[in-house]
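Scroll down for the structure; my scribbles are underneath it.
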Amino acid sequence: MDEQLDSLPEPAAGAGQALDRRAELSEFLRTRRARLKPEDVGLPDFGRHRRVPGLRREELAQLAGVSVAYYTRLEQGNGRNVSAEVLDAIARALRLTDAEHAHLTHLAKPKAHKKKPATRTQQVRAALRQLLDSFDGVPAYIVGRHADILAWNRMAAAVFGDWAQLPPQERNWARMTFLKPEYQDLFVDWEQKAIDIVCQLRYQAGCHPDDPRLSALVGELSVKSEEFRRLWATHDVKEKSHGLKRLRHPLVGDLALHFESFRVPDDGELALVTYHAEPGSASAEALRLLASWGTDATRAGATAPHA
């Protein structure tokens, strides 16, 4: 089975205000500084005399080799004219991951996206949809910038539920994860799934702070989900390209599936995600059974996550 999300309704006026890039930059730097202890970076710890969690601004500035006044302006959200070299030094001092470093750069030195505006509708080429259908026994789907599930194959529907039964705007990993309680049963480690979704959305928000649909999604989830608000406030970012997901399937029970995520070459904001089981494992046999059951498995999957 194969579906494409051709378009979504535009958010109503005022539904999604642009994210405040200066505030995002300020909070990101503050939270990264707060998570470091002096002993983590070879500085003396003055114990009970410290009045702030983590490193002080002057300590971070010293580690980065910039003046305290300069770093303070940056942490207050004033990233104008900051050089790539300074951002690299601050990233090293804060021990940022590659994804966090890229996020800092996006916030401090935003680039214009003239060729691919953030509001454009993401499309899935017919050849990519055919590729999905060619994966025999491999659950696979294509996900877009806003965590929208844009296309999928029959095995993905058998494992995760029949997304064709959902309205297009609800075929979204963030909405399903936080707003559909059934997905807390589907994912054995639901907390980690929730963290991964928020980290990916936060990264995209740094790339596209003026994207009204992304802002509307964040606003909706912030209003409707206390757990989302808590995780969003951490300002954590990461891109997860592979890993292991454990699921509870209504027909075949527990599944341990390895996932791999591949960026589409002609549109880096689309990702092809595939799942597979260890050869000879119980999960591999379970996938084989789901594939042999065909549409019956799809219908059964639909009754669990989308009930």
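Nothing in this text is a laboratory measurement; each read-out follows from the coordinates by a stated rule. This is a predicted model, so every value here is computed, not measured. We place every Cβ from the backbone using ideal geometry, glycine too, and count neighbours over all the protein chains shown.
Projecting the Cα positions of 156, 199, 272 onto the charge dipole of segment 126-303 (unit charges on Cβ atoms of Lys, Arg, Asp and Glu, taken about the Cα centre) puts 199 furthest along the positive direction.
When you filter the trypsin sites (Lys or Arg not before Pro) in segment 104-207 for DSSP loop state and at most 15 other Cβ atoms inside 10 Å of their Cβ, you are left with 111, 114, 115, 120, 125. A Förster radius of 22 Å combined with the Cβ-Cβ distance from residue 251 to residue 281 puts the calculated FRET efficiency at roughly 0.85. Ranked for footprinting exposure by Cβ neighbours inside 10 Å, fewest first, 176, 155 give 176, 155. Does segment 126-303 come out rounded, prolate or oblate by the C-alpha gyration tensor, with a ≥ b ≥ c the root eigenvalues, rounded set by a/c under 1.5 and, if not, prolate when a/b is larger than b/c and oblate if not? Note, shape of segment 126-303 comes out prolate. A full extension of the chain between residue 127 and residue 88 corresponds to an added length of 10.1 nm, given 0.36 nm per residue minus the alpha carbon distance.
Going 7 Å from the Cα of residue 31 toward and past its Cβ, which residues in segment 234-252 have a backbone nitrogen under 18 Å from where you end up? Residues passing the 18 Å test: 234-240. One decimal place: the segment residue 43-residue 234 gains 66.3 nm when fully extended, by the rule 0.36 nm per residue minus the C-alpha distance.
Extending 7 Å from Cα along the Cβ direction at residue 97 and again at residue 23 yields two label points whose distance is 2.6 nm. State which entries of 193/224; 193/238; 37/245; 109/238; 109/224 exceed 24 angstrom in Cα-Cα distance in the structure shown. Result: 37/245; 109/224 exceed 24 Å. Counting neighbouring beta carbons within 10 Å and listing from fewest to most, the residues 213, 21, 95 come out as 95, 21, 213.
Other residues whose C-beta falls under 11 angstrom from the C-beta of residue 204 contribute a net charge of 0, scoring Lys and Arg +1 and Asp and Glu -1. In this structure, residue 80 and residue 288 have a Cβ-Cβ separation that, at R0 = 45 Å, corresponds to a calculated FRET efficiency of about 0.20. For the pair residue 263 and residue 67, a Förster radius of 41 Å applied to the C-beta separation gives a FRET efficiency near 0.60, rounded to the nearest 0.05.
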